[in-house]
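A short write-up of the structure that comes next.
The values are calculated or read from the model by the stated rules, or taken from the named source; none is laboratory data. Everything quoted here is computed from the prediction, not taken from an experiment. Virtual Cβ from ideal backbone geometry, glycine too; neighbours counted across all protein chains shown. The accessibility values were calculated without ligands, DNA or RNA, using every heavy atom of the protein model including side chains. Shrake-Rupley method; radii C 1.70, N 1.55, O 1.52, S 1.80 Å.
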Amino acid sequence: MRHDLLARCLAVFCALGLLTATDADAKRKVEPAAEEKPQDAFNAGTFAGLKLRSIGPALTSGRIIDLAVNPEDHSTIYVASAAGGVWKTTNRGVTWTPIFDDQGSASIGCITLDPNNPHVVWVGSGENNSQRSVGYGDGVYKSLNGGKTWTKMGLENSEHIGKIVVDPRDSNVVYVAAQGPLWSPGGDRGLYKTINGGETWDAVLEISENTGVSDLVFDPRDPDVLYATSYQRRRRVWTLINGGPEAGLHKSTDGGASWRKITSGLPSGDVGRIGLAISPTEPDVLYAIVEADGDDRGFYRSTDRGEHWHKRSDYSSRSGQYYQELTADPHDVDRVYSMDVFLQVTEDGGASFQDVPETYKHVDNHAMWINPGDTDNLLVGTDGGLYESFDRGATWRFFFNLPITQFYKVSVDNDLPFYNIYGGTQDNFTLGGPSRTTSEYGIANTDWYMTLGGDGFQTQVDPNDPNIIYSQSQYGNLARFDRRNGEVLDIKPQAAADDEPLVWNWDSPLIISPHSPTRLYFAANRIFRSDNRGESWTPISGNLSRQLNRDTMPIMGKVWSVDAVAKNTSTSIYGNIVSLSESPLVEGLIYAGTDDGLIQVTEDGGANWRRLDSFPGVPAMTYVNDLEASSNDPDTVYAAFNNHKSGDFKPYVLKSTDRGATWSSISGDADDGLPARGSVYAVIEDHS
């Protein structure tokens, strides 16, 4: 009764209001109200109250590319990471601060302090290794205040910078060794020089569109005497060529105005990456570690300012495209360290090399600093973070507070009261840890745990039992981990005796069927299905790739012989499946994407497959990085194509509403779409 009365009263008030408005309108002309435009829910204000929080982990840290230490205060250290920007400490590593997060690249190639003013910091973006997981950069940066603020100084198309050297006589004179694009020709490639602090640059050593400059040293007695190494290389999805006839050693005696190639005593054939060191105590002595084929590869020394070279030993790093850097002892001319899987040192000018002790230390060494006042004090950057020794490697301490672990992929489970996060990392295992804890100190390194060793990739967790975790390492090594007791069981599918060998990608796709928590799909060049958590497997497809022979495919304008420098090193065999998705609405509707640009579709659990090889606006043979079957519509599927390994950084995101029969781009245009330079790695649909 009371609700009835209230409703009637409201109706009367509304009617009176309407009458009043009508009466007023009769007396005057009223301008119609402007039509309000609908507000876009996804704007900056929507997310203004949300802040990212760091949950780590730092128990393994990540790849460190370069180090810079303030010569006036060794407690101030800068760390350049492969994928985590630049970090700084002013208390010798007790705490670290990220100082490069707001810049245009998280991948760093090198960092240099001005020898005349250690508050002036130069950064070359774009990792200077040629690995499969390398990130690219967007030029050179400079800070005048120890990293508080930065200014981009150009060379935006260099993509990978090997080294930056500042003239100790004049801070306005700076050299940049630009390796140039890894995946394509051209770009800012070669040795660049500025005489005005980076306002303008001149290319003082250019070789070709395929060859840049990787390393540079100068004579400390006369900085106009420069030694530079040219580096010819190209990586594509299917191969790496890490050397060629254009690589070599070059010398200038006039500050880069002119150059001549040094050949006396050095390899005459195709050469790969060359690392240089000049002895600070006897600058007539130079060392070079040379990647080449056969007997030419090895460790070389010159005692006459680089004019003539002598091979000292056959030693070269285990992978020239990943290491090949030297650090000379500040006081002992015969002692030189070499970055390698295991840190190497020579005490006799390169005639022999020994392992530096690395007990309880991560391998894969990339950067080193030697304390000039105490050469037993070493800092070393590795794939697993930063280490320090005070006894020349006999013992090491690890900096466990640098959270720069490189995650390939992350996933979550359905655990309570807090869900857990899992991720596969570059060279630092597959890790799991909580999204929150009840500890007043928050999430600590000790809250994280390892589910599998090696490089890690996609982790899948049983949706009903968060203790059952599927983890994988490189080339299809798959394991089932039981969180309750730590059991690790190898469940990798195997080819039958009469089958062709399986071709696994470095990062093989794994999914749990949304229709059964015990059903797994795992793919090499064929797809396997298990209905019993990996205890047994059944192939549900044939070879779904194009089945091309990568050794017949041209690179840098020609087909290279099998003897090319480091050919195919650190590269998955071409022709395999790299993405999988099953429709959560239609059991047996499965999409598979390949590294050679195909999408294959089955609507009957693998009995029949339909091949799709052409997509609007997407270059042929583009890597199908991710597929996502819609959870809202049974006929809709999304695809993310990634063509950065052809030097094409455009975003390609497509949608099909007819199970792949036709496709349309949803990347948007220049005004309201995805950034024009920004490769897409993953796509996901809102589940709601």
Shape call, the stretch 68-204: gyration tensor on alpha carbons, a/c limit 1.5: oblate
Taking the chain and dividing mean pair separation by its residue count, relative contact order in percent (alpha carbons under 8 Å, at least six apart): 8 percent
Computed accessible area, His310, all protein chains, 1.4 angstrom probe, square angstrom: 110 Å²
CD proxy at 222 nm, helix term only [per DSSP H run n ≥ 4: -39500 (n - 2.57); per residue of the chain; nearest 500]: -1500 deg cm²/dmol
Local electrostatic count, Ala620, Cβ distance below 11 Å [Lys/Arg +1, Asp/Glu -1]: -1
Under 14 Å, Cβ to Cβ, from Asn172 - net charge with Lys/Arg +1 and Asp/Glu -1: -2
Three-way shape call for the stretch 59-118 based on the alpha-carbon gyration tensor, with the a/c threshold at 1.5: oblate
Local net charge near Thr375, Cβ-Cβ under 10 Å (Lys/Arg +1, Asp/Glu -1): -2
Relative contact order, percent, the stretch 411-474 [alpha-carbon distance under 8 Å, six or more residues apart]: 34 percent
Once the Cα gyration tensor of the stretch 122-186 is diagonalised, semi-axes √(5λ) in Å: 23, 13, 10
Degrees, to the nearest 10: 2-27 long Cα axis against longest axis of the chain: 80 degrees
Qualifying chymotrypsin sites (Phe, Trp or Tyr not before Pro) for the stretch 272-360 [loop in DSSP, other Cβ within 10 Å: at most 12]: Tyr360
The chain - Kirkwood radius from inverse mean 1/r over Cα pairs (Å): 27.8 Å
Sequence ranges 373-386, 587-600, ranked by mean other-Cβ count within 10 angstrom, highest first: 587-600, 373-386
Distance from the stretch 455-517 to the stretch 221-240 (C-alpha centre basis), Å: 40 Å
Computed lengthening from Thr303 to Ser208, 0.36 nm per intervening residue step minus Cα-Cα distance: 31.2 nm
Candidates per trypsin sites (Lys or Arg not before Pro) in the stretch 153-201, loop by DSSP, up to 12 other Cβ within 10 Å: Arg169
Area of Glu209 that stays accessible when all protein chains are in place (1.4 Å probe, Å², to 10): 110 Å²
Under 15 Å from the Thr538 label point (7 Å along Cα→beta-carbon), backbone N, the stretch 517-532: 518-522, 527-532
The stretch 554-688 shape via C-alpha gyration tensor axes, a/c threshold 1.5: oblate
